[in-house]
């Protein structure tokens, strides 16, 4: 299994970044890799609560991710399981991976670290890296860039 980690520096307070990660309105503003709107976002951001997000990509395909909140520590950390109801990387069908968002205060804003672990293989890691890079670009665009986006390290495990 492999993982990926992406880091972004955002010109917003950690509490605002955290809200963008844990509310339906926040998720709807940035989830999905392309400049298309989220089709639906339902979430209950508490430990044991569920989420379900449906989005469309530029190629016309719809994807729906769902899972459970495993950790919710405002405004510092969110961890959740990740599954596809449909769409997504074929190697991930029927599998559960894990997403972690860590938010820490820095001068002028917050640093957001996204870690997606338990991915099936390198092709899935690369596909998710592209998807999350696009999503995070929308989040940074919405909340404000503090500095240029950090490079996505390749972190196979």
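The values are calculated or read from the model by the stated rules, or taken from the named source; none is laboratory data. Remember, predicted model here, so these are calculated numbers, not experimental data. For neighbour counting, all protein chains shown are included, and Cβ atoms are generated from backbone atoms with ideal geometry for every residue, glycine included.
Given the conditions (1) at pLDDT 95 or above; (2) on the phi < 0 side of the Ramachandran plot; (3) crowded, with 18+ Cβ neighbours inside 10 Å, report the number of the one that residue 71 does not fulfil.
With respect to (1) at pLDDT 95 or above; (2) on the phi < 0 side of the Ramachandran plot; (3) crowded, with 18+ Cβ neighbours inside 10 Å, residue 71 is out only on (3).
Kindly provide the set of residues from the range 87-133 that are free of Cβ contacts under 8 Å to residues at least 12 places away in the same chain and farther than 19 Å from residue 54 by Cα, ordered by number.
107, 126
Exactly one of these conditions fails for residue 66: (1) free of Cβ contacts under 8 Å to residues at least 24 places away in the same chain; (2) surrounded by fewer than 16 Cβ atoms within 10 Å (Cβ to Cβ). Give me its number.
Single failed check for residue 66: (2).
If we scan the range 78-85, do we find a residue that is at pLDDT below 95, touching a strand residue (DSSP E or B) at 6+ places or on another chain (Cβ under 6 Å) and buried (at least 17 other Cβ atoms within 10 Å of the Cβ)?
Checking the range 78-85: not a single residue is at pLDDT below 95, touching a strand residue (DSSP E or B) at 6+ places or on another chain (Cβ under 6 Å) and buried (at least 17 other Cβ atoms within 10 Å of the Cβ).
How about the range 17-55: which of its residues are in contact with a helix residue (DSSP H, G or I) (Cβ under 8 Å, 6 or more places away or on another chain), over 17 Å from residue 69 (Cβ atoms) and in a loop (DSSP other than H, G, I, E, B)?
The answer is 29, 30, 32, 33, 34, 35, 37.
Taking residue 95 as meeting all but one of (1) at pLDDT 95 or above; (2) closer than 21 Å to residue 126 by Cα; (3) assigned to a strand (DSSP E or B), write down the number of the exception.
(3)
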